[in-house]
Amino acid sequence: MILRNAKPLSDRDLVWLARSARMVPVLIVARGVKRENGTVKSFIESIVPLATGHHMTIPHLRWIIAAMLCGATLINYADRQALAVVSVDVLRDFRLTERDYSHILTLFFLAYAIMYAGSGYVVDRLGTRRGFAVFIVGWSIAQMLHALAVGKWSMATYRFMLGLSEPGAWPAAAKAVGEWFAPSQRALGMGIFNAGSSLGSLIAPPLVAFLTLRYGWRAAFVFTGALGVVWVVLWLILYQPPHKNRFLRQSEFVKIREQIAPAAEAVAAEKVNWVHVVRMRGCWTLILTRFFTDPVIYFVIFWLPQYLRTQRGFDLAAVGKYAFVPFVFGGIGYVLGGWWSGRLMRAGWTLPRARKFVMLAGAAVMPVSILAPVVPAAWMAIAATCLVTFGHALWVANLQALPIDLFRGPEIGTATGFSGTGGAIGGMLAQLGTGYLVTHLSYAYTLLFLIAGLVHPLSAGLTYWLLPDREFTRSKARGPARQ
């Protein structure tokens, strides 16, 4: 096949050309063919398969990719929640207080805040496949090292290492969703990914409790850390963006090719000016909203087992039996929230209106948390917490899709990273505050559940004010920001 003096071709045209020629040798003469960014030669060399022959394909591959993203978050949250499940046992063995526990969690969030922004940049530079693999290997090693802890500061050190590597999952997943899903399905893709956080939080209490009761709490850290190693092997085998993935069926590529943009790996590498990205209204609005709302789910993850054991009289076996229930509702909320906004768009709603409406619906549920510490029975407190995780999930499924909607492909990881940094800083400060309140105030949990019920409605108002619909087209229209 020879192209001579052709009209300028877009990235999507060239990707389609390469994919259409998958089964035959291709010769492309780039004379007269121009692209907006980079050279045709480097672009074609990166996407055109020069070998012929048949190979195995996998049906519905993008949904398998979505399931793998869900699995990554499952492992991520199972790893981070393992300490919460055995916190009473660890504190007893090391003779620590709840204040010491809050210090350990604070170091995790300090590292999380530092690396969330950096992880977005790393993923933008390494690409989705390699970036995700680097981070999950890092956090799996850190998780297994918890088994070697001998006191407060060794546990805090390994927790810090976990915090340096875990945030990379979010910018990597955002880029993967952007590479594989159309705009109307991106919130669903992020919802499936985030459902893994609820599944991990659901699985962690019974799994970690079982391992601890049978083999000791150190074995629980080794087992949960090893799960990440298994995942990364499957990821490196299966994942490539659509234009390069040898397992993707031609018919499926034809179906999605007009709805997705070429992956960042398909074009010449672009250096992103992160200062410019942070100054954009969309980015600092996301930083603020996550600063206020992310600490709510961290409170549920890290302090609910502690609350049930110290305030509601649960033992470790009871925590393993019941503490997972709120995360079932969270998993439902993540998928429903992503599906709901897509359904509204198919019904004619604009993307910004659909995203913000579902976020508002989730925020409206959150004040129920105020009831959790004052109801007479433990099951009522758990029921209220179920609605908290459900409402937060509706919120997050769409909030975390916004960087994909607001920013260009090379900027998505950076924007996602900095917004996550806002959430991590909020989480870090919240851990210090929670530890202080629980230690010094008898009504601490009443105050904490009150705060958890109010921040989402306030943040919803902030989002409507700072992100008007016109901002969604203005952000991408500004063009690249190079260093």
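Read-outs: derived from the displayed coordinates by stated rules, not from any lab. Values in this document were obtained by computation on a predicted structure and should not be read as measured data. Methodologically, a virtual Cβ is constructed for each residue, glycine included, from the backbone with ideal geometry; neighbour enumeration extends over all protein chains shown.
Values for this structure:
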| quantity | calculated |
| --- | --- |
| When the convex hull of its Cα atoms is projected in every direction, mean area for the range 129-170 (nm²) | 2.6 nm² |
| Student exercise, the range 339-438 dipole from Lys, Arg, Asp, Glu Cβ charges, in Debye to nearest 20 | 340 debye |
| Label-point separation in nm, Trp349 to Ala377, each point 7 Å along Cα→Cβ | 3.5 nm |
| For Thr293, Thr224, Thr97, order by how many other beta-carbon atoms lie within 10 Å, fewest first | Thr97, Thr224, Thr293 |
| Summed side-chain charge close to Leu462 - residues other than Leu462 whose Cβ falls under 15 Å, Lys, Arg +1, Asp, Glu -1 | +2 |
| Charge tally in the Cβ shell below 14 Å around Leu286, where Lys, Arg are +1 and Asp, Glu are -1, Leu286 excluded | +1 |
| Cα principal axis extents for the range 359-477, largest first, Å | 54, 28, 22 |
